[in-house]
Amino acid sequence: MLIPHTMNDLRDGADLMPANGHDGQPTGHGQPPVDLLTAGWAEVQARLGEVALPKWRWQQVQQAIWRQGVQHISDLTTWPKALRAKLAEVAFLARPQISQQQVSQDGTIKWLLRLADGQEVECVFIPESDRGTLCVSSQVGCTLNCRFCHTGTQNLVRNLTAAEILGQVLLAKDVLGDWPADRPDRRLTNIVFMGMGEPLYNYDQVSAAVRRLLQEDGLNFSKRRVTLSTAGVVPMIARVGEELGISLAVSLHAARDVVRDEIVPLNRKYNIAELLAACRAYPSDRFRRITFEYVMLDGVNDSLEDARRLIGLLHKIPAKINLIPFNPWPGTNYRCSPPERIEEFADILWAAGLSAPIRTPRGSDILAACGQLKSASEKLRRSVTKKAEIEQVAE
Ligand code: SAH
(Lines give C-alpha, C1' and ligand atoms only; values in the text may rest on other atoms or scores of the structure.)
Protein backbone atom coordinates (compact mmCIF):
# COMPACT_ATOMS: atom_id res chain seq x y z
CA MET A 1 0.00 0.00 0.00
CA LEU A 2 1.29 3.40 -0.89
CA ILE A 3 -0.09 6.34 1.06
CA PRO A 4 -0.93 8.94 -1.58
CA HIS A 5 2.10 11.17 -1.36
CA THR A 6 4.04 11.46 -4.56
CA MET A 7 7.49 12.88 -4.93
CA ASN A 8 5.95 15.77 -6.80
CA ASP A 9 3.80 16.68 -3.83
CA LEU A 10 6.94 16.70 -1.77
CA ARG A 11 8.90 18.80 -4.21
CA ASP A 12 6.12 21.34 -4.20
CA GLY A 13 6.78 21.53 -0.51
CA ALA A 14 3.05 21.37 0.18
CA ASP A 15 3.45 19.37 3.35
CA LEU A 16 6.99 20.17 4.19
CA MET A 17 6.46 22.53 7.07
CA PRO A 18 9.39 21.94 9.39
CA ALA A 19 8.55 19.82 12.41
CA ASN A 20 7.30 21.85 15.36
CA GLY A 21 7.61 25.01 13.38
CA HIS A 22 11.36 24.90 13.92
CA ASP A 23 12.98 26.60 11.01
CA GLY A 24 16.61 26.22 11.96
CA GLN A 25 17.07 29.98 11.96
CA PRO A 26 19.47 31.52 14.43
CA THR A 27 17.81 32.57 17.67
CA GLY A 28 17.91 36.00 19.16
CA HIS A 29 21.25 35.11 20.68
CA GLY A 30 22.71 34.61 17.23
CA GLN A 31 23.27 30.92 17.70
CA PRO A 32 21.16 28.19 16.06
CA PRO A 33 18.86 26.40 18.52
CA VAL A 34 20.14 23.18 20.09
CA ASP A 35 18.53 19.80 19.53
CA LEU A 36 16.87 18.69 22.78
CA LEU A 37 17.33 15.01 21.86
CA THR A 38 21.09 15.24 22.24
CA ALA A 39 21.87 18.49 24.05
CA GLY A 40 23.03 18.30 27.68
CA TRP A 41 21.71 20.23 30.66
CA ALA A 42 24.76 22.50 30.88
CA GLU A 43 24.52 23.38 27.20
CA VAL A 44 20.88 24.33 27.42
CA GLN A 45 21.46 26.25 30.67
CA ALA A 46 24.26 28.19 29.00
CA ARG A 47 21.90 29.13 26.19
CA LEU A 48 19.22 30.25 28.61
CA GLY A 49 21.66 32.69 30.22
CA GLU A 50 20.00 34.43 33.16
CA VAL A 51 16.99 32.12 33.18
CA ALA A 52 17.79 29.40 35.72
CA LEU A 53 17.25 25.80 34.72
CA PRO A 54 17.39 23.74 37.93
CA LYS A 55 18.34 20.10 37.49
CA TRP A 56 14.84 18.94 38.40
CA ARG A 57 13.35 21.07 35.65
CA TRP A 58 15.77 19.47 33.19
CA GLN A 59 14.74 16.04 34.46
CA GLN A 60 11.14 16.96 33.73
CA VAL A 61 12.07 17.66 30.13
CA GLN A 62 13.92 14.36 29.84
CA GLN A 63 10.95 12.51 31.34
CA ALA A 64 8.59 14.19 28.94
CA ILE A 65 10.70 13.38 25.88
CA TRP A 66 11.84 9.85 26.64
CA ARG A 67 9.08 8.49 28.87
CA GLN A 68 5.97 10.31 27.69
CA GLY A 69 6.86 10.91 24.05
CA VAL A 70 6.13 14.65 24.14
CA GLN A 71 6.72 16.03 20.66
CA HIS A 72 6.53 19.78 21.15
CA ILE A 73 8.11 22.08 23.68
CA SER A 74 4.72 23.75 24.01
CA ASP A 75 3.35 20.45 25.37
CA LEU A 76 5.76 20.35 28.30
CA THR A 77 2.88 20.68 30.71
CA THR A 78 5.01 20.29 33.84
CA TRP A 79 6.62 23.61 32.95
CA PRO A 80 5.19 27.10 33.36
CA LYS A 81 4.28 28.59 29.99
CA ALA A 82 6.81 31.39 30.22
CA LEU A 83 9.65 28.95 30.75
CA ARG A 84 8.50 26.83 27.80
CA ALA A 85 8.59 29.92 25.64
CA LYS A 86 12.14 30.67 26.77
CA LEU A 87 13.23 27.13 26.05
CA ALA A 88 11.66 27.24 22.60
CA GLU A 89 13.82 30.26 21.80
CA VAL A 90 17.06 28.36 22.34
CA ALA A 91 16.21 24.73 21.67
CA PHE A 92 13.99 22.57 19.50
CA LEU A 93 12.37 19.18 19.59
CA ALA A 94 11.74 17.62 16.21
CA ARG A 95 10.81 14.38 14.49
CA PRO A 96 11.76 13.38 10.98
CA GLN A 97 8.95 14.05 8.53
CA ILE A 98 7.11 11.11 7.00
CA SER A 99 7.42 11.35 3.21
CA GLN A 100 5.76 8.01 2.66
CA GLN A 101 4.34 5.27 4.80
CA GLN A 102 3.74 1.84 3.34
CA VAL A 103 2.07 -1.04 5.13
CA SER A 104 2.80 -4.56 3.95
CA GLN A 105 0.23 -7.33 3.90
CA ASP A 106 2.18 -8.95 6.73
CA GLY A 107 1.91 -5.85 8.93
CA THR A 108 5.44 -4.59 8.27
CA ILE A 109 5.49 -0.80 8.08
CA LYS A 110 8.08 1.07 6.07
CA TRP A 111 8.61 4.78 6.39
CA LEU A 112 10.51 6.96 4.01
CA LEU A 113 11.65 9.75 6.28
CA ARG A 114 12.69 13.20 5.31
CA LEU A 115 15.38 14.86 7.38
CA ALA A 116 15.80 18.57 8.05
CA ASP A 117 18.13 19.02 5.04
CA GLY A 118 15.78 17.19 2.68
CA GLN A 119 17.74 13.92 2.60
CA GLU A 120 15.71 10.77 2.96
CA VAL A 121 16.21 7.51 4.80
CA GLU A 122 14.11 4.46 5.40
CA CYS A 123 13.04 2.81 8.60
CA VAL A 124 11.03 -0.41 8.97
CA PHE A 125 8.86 -1.82 11.77
CA ILE A 126 8.47 -5.59 11.80
CA PRO A 127 5.76 -6.94 14.12
CA GLU A 128 6.03 -10.56 15.26
CA SER A 129 3.96 -12.51 17.78
CA ASP A 130 6.44 -12.07 20.63
CA ARG A 131 8.22 -8.85 19.71
CA GLY A 132 8.23 -5.75 17.56
CA THR A 133 11.49 -4.86 15.85
CA LEU A 134 12.47 -1.52 14.41
CA CYS A 135 15.15 -1.57 11.73
CA VAL A 136 16.90 1.81 11.74
CA SER A 137 19.24 3.47 9.25
CA SER A 138 22.59 4.93 10.27
CA GLN A 139 23.62 6.64 7.03
CA VAL A 140 22.00 8.18 3.96
CA GLY A 141 23.22 5.70 1.36
CA CYS A 142 26.23 3.46 1.95
CA THR A 143 29.89 3.17 0.92
CA LEU A 144 30.12 -0.60 1.00
CA ASN A 145 28.72 -1.71 -2.35
CA CYS A 146 27.77 -5.20 -1.31
CA ARG A 147 26.79 -6.64 -4.66
CA PHE A 148 23.48 -8.17 -3.64
CA CYS A 149 22.28 -5.16 -1.62
CA HIS A 150 19.93 -2.60 -3.07
CA THR A 151 21.16 0.15 -0.76
CA GLY A 152 24.68 -0.59 -1.99
CA THR A 153 23.72 0.73 -5.42
CA GLN A 154 23.33 4.17 -3.85
CA ASN A 155 26.36 6.30 -2.99
CA LEU A 156 26.94 7.54 0.52
CA VAL A 157 25.43 10.94 0.96
CA ARG A 158 26.12 11.53 4.63
CA ASN A 159 26.15 10.11 8.13
CA LEU A 160 23.05 10.48 10.26
CA THR A 161 23.33 12.38 13.53
CA ALA A 162 22.48 10.66 16.82
CA ALA A 163 19.33 12.79 16.97
CA GLU A 164 18.28 11.60 13.51
CA ILE A 165 18.82 7.98 14.52
CA LEU A 166 16.83 8.49 17.71
CA GLY A 167 14.20 10.40 15.75
CA GLN A 168 13.43 7.19 13.84
CA VAL A 169 12.70 5.39 17.10
CA LEU A 170 10.58 8.20 18.53
CA LEU A 171 8.61 8.55 15.34
CA ALA A 172 7.90 4.82 15.18
CA LYS A 173 6.66 4.95 18.77
CA ASP A 174 4.42 7.91 17.92
CA VAL A 175 2.86 6.12 14.96
CA LEU A 176 2.47 2.87 16.90
CA GLY A 177 0.93 4.67 19.88
CA ASP A 178 3.68 3.15 21.98
CA TRP A 179 3.85 5.69 24.78
CA PRO A 180 4.50 5.95 27.67
CA ALA A 181 7.84 4.20 27.34
CA ASP A 182 7.27 1.92 30.35
CA ARG A 183 3.88 0.59 29.27
CA PRO A 184 3.69 -3.16 29.93
CA ASP A 185 2.44 -4.00 26.42
CA ARG A 186 5.25 -2.31 24.51
CA ARG A 187 4.94 -2.75 20.77
CA LEU A 188 8.49 -1.72 19.94
CA THR A 189 10.69 -4.12 21.89
CA ASN A 190 13.83 -4.50 19.74
CA ILE A 191 16.03 -2.21 17.70
CA VAL A 192 18.32 -3.42 14.94
CA PHE A 193 20.85 -1.28 13.07
CA MET A 194 20.15 -3.10 9.84
CA GLY A 195 18.70 -0.33 7.74
CA MET A 196 20.66 1.79 5.31
CA GLY A 197 24.33 2.31 5.97
CA GLU A 198 27.23 0.77 7.82
CA PRO A 199 26.85 1.70 11.51
CA LEU A 200 30.54 1.21 12.26
CA TYR A 201 31.45 3.88 9.72
CA ASN A 202 29.38 6.29 11.79
CA TYR A 203 30.40 5.04 15.20
CA ASP A 204 30.31 8.28 17.18
CA GLN A 205 26.74 9.12 16.31
CA VAL A 206 25.55 5.52 16.46
CA SER A 207 27.11 4.96 19.89
CA ALA A 208 25.63 8.18 21.24
CA ALA A 209 22.20 7.06 20.02
CA VAL A 210 22.65 3.58 21.48
CA ARG A 211 23.59 4.98 24.89
CA ARG A 212 20.42 7.00 24.86
CA LEU A 213 18.30 3.98 23.88
CA LEU A 214 19.73 2.05 26.83
CA GLN A 215 19.21 4.78 29.40
CA GLU A 216 17.21 3.33 32.26
CA ASP A 217 15.22 6.43 33.04
CA GLY A 218 14.48 6.87 29.34
CA LEU A 219 13.53 4.34 26.68
CA ASN A 220 15.24 1.64 28.76
CA PHE A 221 16.01 -0.92 26.05
CA SER A 222 18.05 -3.85 27.31
CA LYS A 223 21.46 -4.35 25.67
CA ARG A 224 20.32 -7.69 24.41
CA ARG A 225 17.46 -6.10 22.49
CA VAL A 226 19.60 -3.64 20.60
CA THR A 227 21.58 -5.21 17.76
CA LEU A 228 24.22 -3.62 15.61
CA SER A 229 24.82 -5.28 12.27
CA THR A 230 28.12 -4.77 10.50
CA ALA A 231 29.58 -5.95 7.23
CA GLY A 232 32.80 -6.42 9.18
CA VAL A 233 34.62 -3.22 10.08
CA VAL A 234 37.03 -5.27 12.14
CA PRO A 235 38.93 -2.56 14.08
CA MET A 236 35.67 -1.19 15.48
CA ILE A 237 34.15 -4.44 16.71
CA ALA A 238 36.06 -4.58 20.00
CA ARG A 239 34.89 -1.05 20.84
CA VAL A 240 31.27 -2.03 20.40
CA GLY A 241 31.79 -4.86 22.87
CA GLU A 242 33.65 -2.77 25.43
CA GLU A 243 31.76 0.47 25.20
CA LEU A 244 28.22 -0.60 24.37
CA GLY A 245 27.93 -4.33 25.08
CA ILE A 246 24.94 -4.68 22.77
CA SER A 247 24.13 -7.65 20.55
CA LEU A 248 26.27 -8.07 17.48
CA ALA A 249 25.27 -9.26 14.03
CA VAL A 250 27.80 -9.84 11.30
CA SER A 251 27.04 -10.00 7.60
CA LEU A 252 29.19 -13.00 6.77
CA HIS A 253 27.48 -14.23 3.60
CA ALA A 254 30.34 -16.44 2.42
CA ALA A 255 32.60 -19.19 3.72
CA ARG A 256 35.48 -18.49 1.33
CA ASP A 257 37.45 -15.28 0.83
CA VAL A 258 37.26 -15.48 -2.97
CA VAL A 259 33.50 -15.39 -2.79
CA ARG A 260 33.29 -12.82 0.00
CA ASP A 261 35.80 -10.55 -1.77
CA GLU A 262 33.35 -10.43 -4.61
CA ILE A 263 30.02 -10.03 -2.84
CA VAL A 264 31.14 -8.00 0.21
CA PRO A 265 34.07 -5.97 -1.15
CA LEU A 266 35.00 -4.86 2.39
CA ASN A 267 36.42 -8.38 2.72
CA ARG A 268 39.41 -7.29 0.66
CA LYS A 269 40.31 -5.03 3.56
CA TYR A 270 39.36 -7.32 6.45
CA ASN A 271 39.17 -10.96 5.49
CA ILE A 272 37.12 -13.76 6.99
CA ALA A 273 39.86 -14.92 9.38
CA GLU A 274 40.36 -11.40 10.78
CA LEU A 275 36.63 -10.87 11.05
CA LEU A 276 36.06 -14.11 12.91
CA ALA A 277 38.98 -13.42 15.25
CA ALA A 278 37.25 -10.18 16.23
CA CYS A 279 34.01 -12.12 16.74
CA ARG A 280 35.76 -14.69 18.93
CA ALA A 281 36.96 -11.84 21.16
CA TYR A 282 33.52 -10.23 21.34
CA PRO A 283 31.74 -10.63 24.70
CA SER A 284 29.32 -13.45 24.08
CA ASP A 285 28.12 -16.68 25.62
CA ARG A 286 25.43 -19.21 24.90
CA PHE A 287 22.79 -16.77 26.12
CA ARG A 288 24.20 -13.96 24.06
CA ARG A 289 25.23 -15.35 20.73
CA ILE A 290 26.57 -13.49 17.75
CA THR A 291 24.21 -13.56 14.80
CA PHE A 292 25.79 -14.30 11.44
CA GLU A 293 23.73 -13.21 8.49
CA TYR A 294 24.05 -15.38 5.43
CA VAL A 295 22.15 -14.40 2.31
CA MET A 296 21.34 -17.39 0.13
CA LEU A 297 22.50 -16.67 -3.43
CA ASP A 298 21.88 -19.32 -6.01
CA GLY A 299 25.15 -20.85 -7.23
CA VAL A 300 27.28 -18.24 -5.45
CA ASN A 301 27.59 -19.15 -1.76
CA ASP A 302 25.08 -21.95 -1.26
CA SER A 303 26.99 -25.18 -1.92
CA LEU A 304 26.86 -27.89 0.69
CA GLU A 305 30.63 -27.60 0.84
CA ASP A 306 30.12 -23.95 1.89
CA ALA A 307 27.82 -25.12 4.67
CA ARG A 308 30.45 -27.56 5.93
CA ARG A 309 33.13 -24.88 5.79
CA LEU A 310 30.95 -22.59 7.88
CA ILE A 311 30.86 -25.18 10.66
CA GLY A 312 34.64 -25.12 10.84
CA LEU A 313 34.83 -21.33 10.65
CA LEU A 314 32.37 -20.76 13.47
CA HIS A 315 33.99 -23.32 15.76
CA LYS A 316 33.97 -22.05 19.37
CA ILE A 317 31.97 -18.91 18.57
CA PRO A 318 28.54 -18.82 20.27
CA ALA A 319 26.77 -18.31 16.99
CA LYS A 320 23.39 -18.23 15.40
CA ILE A 321 23.26 -18.21 11.61
CA ASN A 322 20.36 -16.42 10.03
CA LEU A 323 19.87 -17.84 6.57
CA ILE A 324 18.26 -15.04 4.59
CA PRO A 325 16.62 -15.93 1.31
CA PHE A 326 17.94 -13.32 -1.13
CA ASN A 327 15.41 -10.56 -1.66
CA PRO A 328 15.57 -9.61 -5.31
CA TRP A 329 15.33 -6.03 -6.50
CA PRO A 330 14.97 -4.59 -9.98
CA GLY A 331 18.23 -4.74 -11.88
CA THR A 332 20.00 -7.41 -9.83
CA ASN A 333 21.56 -10.42 -11.53
CA TYR A 334 21.46 -12.58 -8.42
CA ARG A 335 18.79 -15.15 -7.74
CA CYS A 336 17.68 -16.65 -4.51
CA SER A 337 18.76 -20.24 -3.87
CA PRO A 338 15.94 -22.73 -4.38
CA PRO A 339 14.06 -23.55 -1.16
CA GLU A 340 15.26 -27.18 -1.14
CA ARG A 341 18.85 -26.01 -1.29
CA ILE A 342 18.32 -23.61 1.61
CA GLU A 343 16.77 -26.49 3.61
CA GLU A 344 19.70 -28.78 2.87
CA PHE A 345 22.16 -26.05 3.77
CA ALA A 346 20.35 -25.44 7.05
CA ASP A 347 20.17 -29.17 7.85
CA ILE A 348 23.94 -29.49 7.64
CA LEU A 349 24.39 -26.64 10.10
CA TRP A 350 21.73 -27.92 12.51
CA ALA A 351 23.28 -31.40 12.40
CA ALA A 352 26.56 -29.85 13.59
CA GLY A 353 24.77 -28.28 16.55
CA LEU A 354 24.56 -24.78 15.09
CA SER A 355 21.30 -22.92 15.16
CA ALA A 356 20.47 -21.89 11.60
CA PRO A 357 16.94 -20.60 11.20
CA ILE A 358 15.72 -19.73 7.72
CA ARG A 359 14.33 -16.21 7.89
CA THR A 360 10.99 -15.48 6.35
CA PRO A 361 11.25 -12.36 4.23
CA ARG A 362 9.08 -9.61 5.69
CA GLY A 363 7.54 -6.74 3.84
CA SER A 364 8.85 -7.85 0.46
CA ASP A 365 5.69 -6.59 -1.27
CA ILE A 366 6.76 -3.06 -0.30
CA LEU A 367 10.51 -3.54 -0.90
CA ALA A 368 11.13 -3.32 2.83
CA ALA A 369 12.94 -6.62 3.24
CA CYS A 370 16.70 -6.87 3.90
CA GLY A 371 18.76 -5.00 1.38
CA GLN A 372 15.82 -3.53 -0.40
CA LEU A 373 15.86 -0.21 1.37
CA LYS A 374 16.65 2.60 -0.92
CA SER A 375 15.59 6.12 -0.36
CA ALA A 376 15.27 7.23 -3.97
CA SER A 377 11.50 7.16 -4.21
CA GLU A 378 11.68 7.63 -7.93
CA LYS A 379 13.27 4.22 -8.14
CA LEU A 380 10.79 2.87 -5.65
CA ARG A 381 7.92 4.03 -7.80
CA ARG A 382 9.52 2.65 -10.91
CA SER A 383 10.02 -0.64 -9.12
CA VAL A 384 6.29 -0.90 -8.51
CA THR A 385 5.68 -0.74 -12.23
CA LYS A 386 8.40 -3.32 -12.64
CA LYS A 387 6.61 -5.71 -10.32
CA ALA A 388 6.36 -8.33 -13.06
CA GLU A 389 10.09 -8.23 -13.43
CA ILE A 390 10.62 -8.67 -9.70
CA GLU A 391 8.34 -11.68 -9.70
CA GLN A 392 10.35 -13.14 -12.54
CA VAL A 393 13.57 -12.72 -10.62
CA ALA A 394 11.93 -14.23 -7.55
CA GLU A 395 10.94 -17.42 -9.38
N1 SAH B 1 25.80 -2.45 6.80
C2 SAH B 1 25.24 -3.36 7.76
C3 SAH B 1 23.75 -3.26 7.96
C4 SAH B 1 22.85 -3.13 6.75
S5 SAH B 1 22.18 -4.47 5.85
C6 SAH B 1 25.62 -4.77 7.40
O7 SAH B 1 26.14 -4.99 6.32
O8 SAH B 1 25.43 -5.67 8.22
C9 SAH B 1 21.33 -5.59 6.85
C10 SAH B 1 21.47 -7.04 6.34
O11 SAH B 1 20.73 -7.30 5.13
C12 SAH B 1 22.90 -7.39 6.02
O13 SAH B 1 23.22 -8.67 6.48
C14 SAH B 1 22.88 -7.37 4.52
O15 SAH B 1 23.98 -8.04 3.99
C16 SAH B 1 21.56 -8.02 4.22
N17 SAH B 1 21.10 -7.83 2.86
C18 SAH B 1 21.40 -6.81 2.04
N19 SAH B 1 20.80 -6.96 0.85
C20 SAH B 1 20.08 -8.10 0.91
C21 SAH B 1 19.21 -8.76 -0.01
N22 SAH B 1 18.94 -8.25 -1.20
N23 SAH B 1 18.64 -9.91 0.38
C24 SAH B 1 18.86 -10.39 1.64
N25 SAH B 1 19.65 -9.80 2.54
C26 SAH B 1 20.27 -8.67 2.19
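The values are calculated or read from the model by the stated rules, or taken from the named source; none is laboratory data. On a predicted model such as this, the values are computed, not experimentally measured, just so you know. Methodologically, a virtual Cβ is constructed for each residue, glycine included, from the backbone with ideal geometry; neighbour enumeration extends over all protein chains shown.
Numbers below:
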| item | result |
| --- | --- |
| The one condition in (1) touching a Phe, Trp or Tyr at 6+ places or on another chain (Cβ under 7 Å); (2) surrounded by 18 or more Cβ atoms within 10 Å (Cβ to Cβ); (3) modelled with pLDDT of 95 or more that Cys135 fails to fulfil | (1) |
| Cross-chain or 6+ apart pairs with Cβ under 8 Å, the stretch 54-66 first and at positive phi, then surrounded by 18 or more Cβ atoms within 10 Å (Cβ to Cβ) | none |
| Hey, Leu314 surrounded by 15 or more Cβ atoms within 10 Å (Cβ to Cβ) and either within 14 Å of the ligand (Cβ to nearest atom) or not β-branched (Val, Ile, Thr) (or both) or not | yes |
| Pair list, Cβ under 7 Å, 6 or more apart: the stretch 147-162 residue in a loop (DSSP other than H, G, I, E, B), other residue within 13 Å of the ligand (Cβ to nearest atom) and of a type in the set (Phe, Trp, Tyr) | Phe148/Phe326; Phe148/Tyr334; His150/Trp329 |
| So Gly167, is it small (Gly, Ala, Ser), surrounded by 19 or more Cβ atoms within 10 Å (Cβ to Cβ), assigned to a helix (DSSP H, G or I) and over 13 Å from the mean Cα position of the chain (by Cα) | no |
| 3 or more residues modelled with pLDDT of 70 or more and of a type outside the set (A, V, I, L, M): qualifying helices (runs of 4 or more DSSP H) within the stretch 312-395 | 339-351 |
| Subset of the stretch 217-255 [β-branched (Val, Ile, Thr) and more than 24 Å from Asn271 (Cα to Cα)] | Val226 |
| Glu293, sole failed condition from (1) outside any strand (DSSP E or B); (2) under 24 Å from the mean Cα position of the chain (by Cα) | (1) |
| Residue satisfying all of: in the stretch 161-204; within 20 Å of Ala116 (Cα to Cα) and of a type in the set (Gly, Ala, Ser); farthest from the ligand (Cβ to nearest atom) among these | Ala163 |
| Tabulated pairs, the stretch 248-265, first closer than 10 Å to Tyr294 by Cα, second part of a loop (DSSP other than H, G, I, E, B) and aliphatic (A, V, I, L, M), C-beta under 6 angstrom, 6+ apart or interchain | Ser251/Ala231; His253/Val264 |
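Residue by residue, here is whether (1) touching a Gly at 6+ places or on another chain (Cβ under 7 Å); (2) charged (D, E, K, R); (3) surrounded by fewer than 23 Cβ atoms within 10 Å (Cβ to Cβ); (4) within 15 Å of Leu213 (Cβ to Cβ) holds:
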{"site": "Asp117", "(1), (2), (3), (4)": "no, yes, yes, no"}
{"site": "Cys123", "(1), (2), (3), (4)": "yes, no, no, yes"}
{"site": "Leu144", "(1), (2), (3), (4)": "yes, no, yes, no"}
{"site": "Gly177", "(1), (2), (3), (4)": "no, no, yes, no"}
